[in-house]
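Notes follow the structure.
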Amino acid sequence: MRLADLSVIDSFCQFHTCALFFSINEFPSSSLQFVSRYYCLLLLLPNHFCLLVFSLAYRGLAVEGKNQTILVSGESGAGKTETVKIVMSHLATVELTRPFAQYTDRKSGNKHGSPKTVKRVLESNPVFEAFGNAKTIRNGNSSRFGKFTQLQFDVEDEVTAKEYGREIPSCHLAGSLCTTYLLEKSRVVFHGEGERTYHIFYQLLAAPPAVKADIWEPLRDCTCESFAYVGYTDTTTIEGRSDSEAWEHTVDALSTFGIEGSSLNILMRALCVVLQLGNLTFDFDPAVPDHHEDQCVISSTEELEKLSDLMGISEGDIEAAMTTRVNTIRGETVTFTLGSSSARDGCKALAKEIYSCIFDVLVQKINEFTSAEANYDIPRINGDLAHHHHFGIISLL
């Protein structure tokens with residue numbers, strides 16, 4: 001059944017008591033006006049099943065006081081990422097659509113205020129998309145990692161709600177916590193024909209030359225073709241937004257979490273290290289006769305020099321780390337020179353691990369800014385919470 005017209009929803013709600021299955025992508029609007037139109041129906045008619053999954057979850061938390069979970073599943077390109085974004089947006093702002101919202105004088109205890117908390121929670125999406133999404137054959141904005149998000153709500157107790165004459169307790173967004181898993185690290189160093197690596201690399205390379213030079217001078221005139229891990233692409237627009245426009249959007253979102261100025265440059269320089277590692281080439285050591293031992297050296301001396309400048313580590317130390325392996329056997333240390341294939345694999349492994357660490361740091365930083373504990377003034381004794389403050393949870397998986 002295609003719910004392409006709001007009149008279909010209206011008629012179905014009037015004459016049926018049942019659960020509806022629908023595609024959120026087919027709803028004609030995701031505006032607050034649409035949410036507000038159906039709010040009373042969804043919350044005040046307990047004998048009817050909810051039309052929208054997010055409203056059912058919200059009602060279960062606000063009215064029944066039970067934590068909720070929404071599982072979004074489907075094949076690649078089915079719209080899982082967009083569905084989660086829509087659900088998060090509605091759950092974060094649904095309290096503002098309640099008829100009495102502008103009149104309530106309830107103090108939530110949020111030291112930053114509800115609008116700022118909502119902004120922080122929603123601004124995590126463009127950051128995760130930039131660093132964790134990529135173009136595949138089937139989907140231009142495919143999530144290449146798993147994410148478990150817990151939206152935390154400050155749920156009003158029934159006694160307080162009755163004092164204010166509210167049949168449905170208020171339920172303010174207090175914050176969020178996110179856990180990520182299974183990042184596709186292989187995409188950092190390889191992507192198939194017609195696909196792209198992670199969006200952030202293209203966004204960085206599409207930034208203004210002056211901005212790139214401020215991050216790292218050799219980056220000023222670089223393009224996608226300048227780096228082996230990125231390479232040529234005929235796709236410069238994702239979901240109607242160019243890579244240069246997406247760069248501005250990502251930078252603005254990162255600033256919400258305190259990543260701006262020098263900290264932004266440090267983050268981007270770490271990405272440059274990943275890119276530059278892909279430009280290193282390994283060949284037989286000419287000093288070894290007949291190459292019978294397959295010992296290698298870094299042959300791309302100019303790229304090695306750039307990497308040395310970027311990392312602040314001497315060229316000799318980098319080459320030694322990339323082309324040799326140190327083993328300790330029975331207390332004796334032995335240094336082996338790697339073959340070109342092994343050295344190349346080690347270089348790729350290092351690039352993947354650095355990117356994974358960058359991603360983990362971003363998740364940690366976002367959680368520091370979005371968690372309910374960070375947004376609420378809760379008394380502490382010796383760093384621990386002075387009392388237990390319970391937050392209701394709606395989980396998105």
Given Lys85/Lys119; Lys119/Lys365; Lys80/Lys348; Lys116/Lys365; Lys185/Lys212, the pairs whose alpha carbons are separated by over 20 Å: Lys80/Lys348; Lys185/Lys212
Built amide H within the under 5 Å cut-off of Thr324, gap 5+: Leu338
Label-zone membership for the range 263-282, site Glu368, 7 angstrom Cα→C-beta point, backbone N under 19 Å: 263-271
Whether the range 328-367 is rounded, prolate or oblate, judged on the alpha carbon gyration tensor where a/c under 1.5 counts as rounded: oblate
Relative packing of peptides 83-93, 277-287 - highest average C-beta neighbours within 10 Å first: 83-93, 277-287
DSSP-loop GluC sites (Glu not before Pro) across the range 141-237, with at most 14 other Cβ within 10 angstrom: Glu167, Glu193
Calculated FRET efficiency for the pair Glu193/Thr69, C-beta based, R₀ 30 Å, to 0.05: 0.20
Per-residue HN-Hα couplings for the range 76-84 [Karplus 6.51, -1.76, 1.60; θ = phi - 60°; Hz; x = Gly/Pro]: 4, x, 6, x, 4, 4, 5, 4, 4
For the range 175-200 versus the range 256-285, the gap between their alpha-carbon centres in whole angstrom: 16
Formal net charge of residues neighbouring Cys272 (Cβ-Cβ distance under 15 Å; K, R +1; D, E -1): -2
For the range 282-349: rounded, prolate or oblate by the Cα gyration tensor [a/c cutoff 1.5]: oblate
Gyration tensor verdict on the range 146-185 (Cα atoms; rounded if a/c is under 1.5, prolate if a/b is larger than b/c, oblate otherwise): prolate
Sequence-distant residues sharing a close amide H with Asn133 (under 5 Å, placed H): Arg144, His199
Loop trypsin sites (Lys or Arg not before Pro), the range 136-178, which have at most 11 other Cβ atoms in a 10 Å radius of their Cβ (DSSP): Arg138
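Only the coordinates and a few stated rules stand behind these numbers; no lab work does. These numbers were taken from a predicted model, which means no experiment stands behind them. Please note: Cβ atoms are built from the backbone with ideal geometry, for glycine as well, and neighbour counts cover all protein chains shown.
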